[in-house]
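Below: the structure, in structure tokens.
The values are calculated or read from the model by the stated rules, or taken from the named source; none is laboratory data. These numbers come from a predicted model, not from an experiment. Note: ideal-geometry Cβ built from the backbone for every residue, glycine included; neighbour counts use all protein chains shown. Areas reflect the complete protein model, heavy atoms only, side chains present, ligands, DNA and RNA absent. Shrake-Rupley method; radii C 1.70, N 1.55, O 1.52, S 1.80 Å.
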Amino acid sequence: MANDSHLRASEIKGVLLSQIENYSEDLKAEEIGEVLEVRDGVARIYGLTKAMASEMLEITSSLTGETVTSLALNLEEDNIGAVVMGDWTALHEGDEVRRTGRVLEIATGEGYLGRVVDPLGNPIDGKGPIATTESRQIDIVAPGIVKRQPVGEPLQTGIKAIDSMIPIGRGQRELIIGDRGTGKTAVAIDTIINQKDTDVVCIYCAVGQRAGKVANVVETLREHGALDYTIVVAANSSDPAPMQYIAPYSATALAEHFMWQGKPTLVVYDDLSKQAQAYRQLSLVLRRPPGREAYPGDVFYLHSRLLERAAKLSDAEGGGSLTALPIIETQGGDVSAYIPTNVISITDGQIFLEPDLFFSGVRPAVNVGISVSRVGGAAQTKAMKKVAGSLRLDLAQFRELEAFAQFGSDLDPATQRQLARGQRTVEILKQPQYQPLPFEEQVAAIYAVTNGHIDEIPVEKVRQWEREFIQHLKGHKPEILEQIRTEKAQSDENKAALNAEIAEFNARFMAELTAGAPA
């Protein structure tokens, strides 16, 4: 009996030892920190000595039991300054903090199309969860120069004043800048609506906007059938500053998913002034030294590392593109302020919207003197380049003459003709909101005004003439527009046919005006 119990004990010992050996392979040590203090969305964390910069940390609230994501920004000698991505009021001193070993990332994929999400990729449109299989880091190094090719393919905005004089190419970064209420968002939304029936994937990133305004934008996109190919990333003014800070990076990561698949994408950042203010708020609470206008010293890097990710990839990399339309709000038209000059120096041109023009009825209120596209004619079709070649210069000269003509009534005939042509050009370039025009219709209208075909039309009737003439062309000679659209150039035969149609339509239009005029 004693022998049996000895055997049994040795067996038990052997089993226990083998279990302990195997179990030791699964053992892992975990570093757990604790919250020292939380204020204004920033948590001070003690005990995570191996945490990395920009690593995601998970803080478990001792009150609610929920886990809140935070981002390690300041790695100091005895603590970590981390910004809280969510409701920081539920966190308190002593709450547990764990490392994730991952930098901040967002789920990506086709499932996001037509959805409204927050900067962490969580749906906020009430349509249920989004099925995704992939994820991307939200803040990455931009593609190198070897992986790129020059910008040379147009991205049509559907806005005559922009497509003719300040063309945007796929892969370009074009700044939309102006005071509050001058139509900056309208230009961006028109551009998104104009991508319908093209293969461009659009991302609209709202930073620091009123929730009501974002809801209106989403409804406008839905009405025009543009939401199907658009993702809306919203960090509203009521959201914490960290969410407003990361929103543009999240939007770019969502776009890059499609860009690396070889698709053209368009990202609108509305607006980066609010992002800079959110970053300033975070930096000051983190006790980073303030610089000019209290912004931190790396606020230029904040925007440059974002906008450098806009690219036209080489054919070897799939040929995809990411076009960026950042929006900046100025105060009293001051484009020489700190954040505006920063973003102007990063981008490939700017569209400056002027309050004086806007309130005088010129909409879109584009100031052609300050607006510029550094890609220029490379982002235009041959047809548009040909008809709009002198348009910018003519318009700039008209603005100068118009200011001069206010002081004197005795003008020579040549100056009067130039003023008359300028007035009609301004009228032709006016365009209602949410009504982008196809490229071939823009070419036909601009051809008519630059070649003097509507010099006899009364200025107040020019927009009516344009509407009716385009309808006339569609009904009687659709092949003229079709040829411009398919060949993207105007042949001599096409010009001759267009001249004949304009002459025929003008005769009828003027006859109707005369007949309709009061005796």
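For this structure, a couple of remarks:
- Glu76 versus Lys13: modelled label distance in nm, points set 7 Å from Cα along the beta carbon direction: 5.6
- Spacing of the two label points (7 Å from each Cα toward its C-beta) at Glu58 and Glu21, in nm: 3.3
- Rg and Dmax, both from the Cα atoms of the chain and both in Å, are 29.8, 133.
- Amide N proximity, segment 369-390 versus Asp492 label position 7 Å along Cα-to-Cβ, cut-off under 19 Å: 383, 386-387
- If you sort the three axes of the alpha carbon gyration tensor as a ≥ b ≥ c, you get a/c of 1.5 or more for segment 379-519 and a/b no higher than b/c, which makes it oblate.
- Residue ranges 138-146, 209-217 sort as 209-217, 138-146 when ordered by packing (mean number of other C-beta atoms within 10 Å per residue, highest first).
- Calculated FRET efficiency for the pair Tyr301/Asn451, C-beta based, R₀ 60 Å, to 0.05: 0.80
- Averaging over all projection directions, the Cα-based convex hull of segment 311-377 occupies 5.9 nm² in the image plane.
- Segment 1-147 - percent relative contact order, Cα under 8 Å, separation 6 or more: 20
- For segment 413-446 versus segment 41-112, the gap between their alpha-carbon centres in whole angstrom: 55
- Once C-alpha pairs closer than 8 Å and six or more residues apart are averaged by separation and normalised to the residue number of segment 335-477, the relative contact order reads 20 percent.
- Cross-link partners of Lys274 among lysines, defined as those whose alpha carbon lies under 17 angstrom from its own and excluding same-chain residues fewer than eight positions apart: Lys184, Lys213.
- Packing-based order for 110-120, 465-475, 317-327, 8-18, using average beta carbon neighbours within 10 Å, highest first: 317-327, 110-120, 465-475, 8-18
- Extension gain, Glu293 to Ile32: 0.36 nm times the residue separation minus the Cα-Cα distance gives 90.1 nm.
- For the residue pairs Lys386/Lys495; Lys196/Lys495; Lys430/Lys461; Lys147/Lys263; Lys385/Lys495, the C-alpha atoms sit more than 18 angstrom apart in Lys196/Lys495.
- Multiplying the residue separation of Glu402 and Arg374 by 0.36 nm and subtracting their alpha-carbon distance yields 7.3 nm.
- The chain, helix-only ellipticity at 222 nm - DSSP H runs n ≥ 4, -39,500 (n - 2.57), divided by all residues, nearest 500: -13000 deg cm²/dmol
- Global geometry of segment 51-121, whether rounded, prolate or oblate, following the gyration tensor of its Cα atoms and the 1.5 cut on a/c: oblate
- Whether segment 241-369 is rounded, prolate or oblate, judged on the alpha carbon gyration tensor where a/c under 1.5 counts as rounded: oblate
- Partners of Lys382 within straight-line reach, counting aspartates and glutamates whose Cα lies under 16 Å from its Cα and excluding those fewer than 8 residues away in the same chain: Glu153, Asp163, Glu440, Glu441, Glu482, Glu487, Asp492, Glu493.
- Rounded to whole numbers, the Karplus 3J(HN,Hα) couplings from phi for segment 423-429 are 4, 6, 5, 4, 5, 4, 7 Hz, using 6.51 cos²θ - 1.76 cosθ + 1.60 with θ = phi - 60°, and x at Gly and Pro.
- Working from label points 7 Å from Cα in the Cα-to-Cβ sense, the Val141 to Gln433 distance is 4.4 nm.
- Cut-off 13 Å between beta-carbons: net charge of the residues surrounding Arg463, Lys and Arg +1, Asp and Glu -1: +2
- When only the Cβ of Lys, Arg, Asp and Glu is charged (+1, +1, -1, -1), the dipole of segment 254-338 relative to its Cα centre reaches about 300 debye.
- If you take the Cα centroid of segment 288-334 and the Cα centroid of segment 198-246, the two points sit 18 Å apart.
- Computed over segment 80-217, relative contact order equals 15 percent, with contacts defined as Cα pairs under 8 Å that lie 6+ residues apart.
- Sequence of Arg280, Arg102, Arg374 when ordered by accessible area, the most exposed leading, probe 1.4 angstrom: Arg374, Arg102, Arg280
- Cβ-derived FRET efficiency at R0 41 Å, Glu110 paired with Glu512, nearest 0.05: 0.20
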